[in-house]
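Colleague: Sharing a structure here in structure tokens format.
Each value in this text was obtained by applying a stated rule to the coordinates, not by laboratory testing. Model, not experiment: these values are computed from the prediction. In this analysis, Cβ positions are derived from the backbone assuming ideal geometry, glycine residues included, and neighbour counts consider all displayed protein chains.
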Amino acid sequence: MLEKKEIVEKFKVHATDTGSSNVQVALLTARIEHLLGHFKEAPKDFASKVGFLKMIGRRRRLLNYIKKSNKDRYFSLIKELNIRK
């Protein structure tokens with residue numbers, strides 16, 4: 001898993017960007033991938049699964065927003081993060 005600073009540096013839109021939707025989606029994707037590994041080791045961890053599903057929903061809503069506002073940025077983001085299609 002990449003460090004948070006590395007992810008922000010890689011996906012920022014401008015020099016002082018730390019919270020754009022691109023960065024938020026990238027950070028959520030990193031956390032989701034980390035939790036996927038955890039669930040393989042602890043399949044009965046149902047309490048963490050609730051937060052995990054909330055993260056997936058938040059990422060989905062952010063991706064919908066990006067898709068509506070800028071389709072090119074959306075397609076480049078999902079390709080770079082290797083999510084979906």
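Colleague: Count charges around L27 for me, please; just the other residues with Cβ under 10 Å from its Cβ, Lys/Arg as +1, Asp/Glu as -1.
Modeller: Spelling it out: positives minus negatives among the neighbours equals +3.
Colleague: Now, a different point. Given a cut-off of under 8 Å on Cα pairs at least six residues apart, what relative contact order in percent is computed for the chain?
Modeller: RCO, the chain: 26 percent.
Colleague: Under 11 Å from the 7 Å Cα→Cβ point of I83, by amide nitrogen: which residues of segment 16-31?
Modeller: From segment 16-31, the list is 22-31.
Colleague: Can you count the Lys pairs in the chain with C-alpha separation below 20 Å, eight or more apart or on different chains?
Modeller: Final tally of qualifying lysine pairs is 20.
Colleague: Let me ask something additional. Can you check what the Kirkwood hydrodynamic radius comes to for segment 4-81, Cα pairs only, in Å to one decimal?
Modeller: 13.4 Å
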